[in-house]
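Just below is one structure, and these are the notes that go with it.
The values are calculated or read from the model by the stated rules, or taken from the named source; none is laboratory data. Computed from a prediction, not measured in an experiment: that's the story for all the values here. Quick reminder, even Gly has a Cβ in these numbers, built from the backbone with ideal geometry, and neighbours come from all protein chains shown.
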Amino acid sequence: MRKALFLLLAIELAAPAAAQRRLPVIIPLGRSAPAAPQLTGIDALRADFLARSGTDTVYFGSDSAVLGAPAQATLQAQALWLRQHPEVAVRVEGHADPSDTRDHALAVGARRAEEVRNYLVLLGVPAAQLGAMSWGKERPGPPRAVTVLVR
């Protein structure tokens, strides 16, 4: 019994030292490292959308739903991608300032989402492809609208 306790104690004392040592990763000849998983379906479309448009988010001034020049440039890149992929349904989500009241946050978020949706339609994206909604205070953060690929 003493030998078993001594052995457990020795293992416990050696474990931190072993955890600090880094063992090299050895890849057998003729084999490559495991490949990253391939994105398929909507995940692949989302990755391509972000890569080609730069971002899925446009920002607004405090208590404003006016699209500035940076937001318009982002939406032009998004519209280009969306026109090339008419099979993708999109939801524009409007967010408000966390300091707003609940009702005001819902209204401002809705105005932001509609402003982005309308601008994308103006740029040639079919209106049937786009939806809009407000998160209000449910998802706080900076005043913004996010373009979300749904399916």
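The rows are residues; the columns are (1) over 14 Å from ARG144 (Cα atoms); (2) surrounded by 11 or more Cβ atoms within 10 Å (Cβ to Cβ); (3) at pLDDT 95 or above; (4) of a type in the set (Asp, Glu).
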{"site": "MET1", "(1), (2), (3), (4)": "yes, no, no, no"}
{"site": "GLY41", "(1), (2), (3), (4)": "yes, no, no, no"}
{"site": "ASP56", "(1), (2), (3), (4)": "no, yes, yes, yes"}
{"site": "GLN78", "(1), (2), (3), (4)": "yes, yes, yes, no"}
{"site": "ARG83", "(1), (2), (3), (4)": "yes, yes, yes, no"}
{"site": "ALA105", "(1), (2), (3), (4)": "no, yes, no, no"}
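Taking the stretch 112-134 as the search range and keeping residues that are touching a strand residue (DSSP E or B) at 6+ places or on another chain (Cβ under 7 Å) and part of a helix (DSSP H, G or I), which one is nearest to ALA71 (Cα to Cα)?
VAL116
So which residues in the stretch 85-103 are farther than 16 Å from PHE49 by Cα and either surrounded by fewer than 21 Cβ atoms within 10 Å (Cβ to Cβ) or among the basic types (Lys, Arg) (or both), if there are any at all?
ASP97, PRO98, SER99, ASP100, THR101, ARG102, ASP103
I need every pair where a residue in the stretch 74-97 that is under 11 Å from LEU120 (Cβ atoms) has its Cβ under 7 Å from the Cβ of a residue that is among the aromatic types (Phe, Trp, Tyr) and part of a helix (DSSP H, G or I), sequence separation at least 6 or different chains.
What qualifies is LEU75/TYR119; TRP81/PHE49.
Looking only at residues that are without any contact (Cβ under 8 Å) to a residue 24 or more places away in the chain and assigned to a helix (DSSP H, G or I) in the stretch 49-70, which one is farthest from the chain's Cα centre (by Cα)?
ALA69
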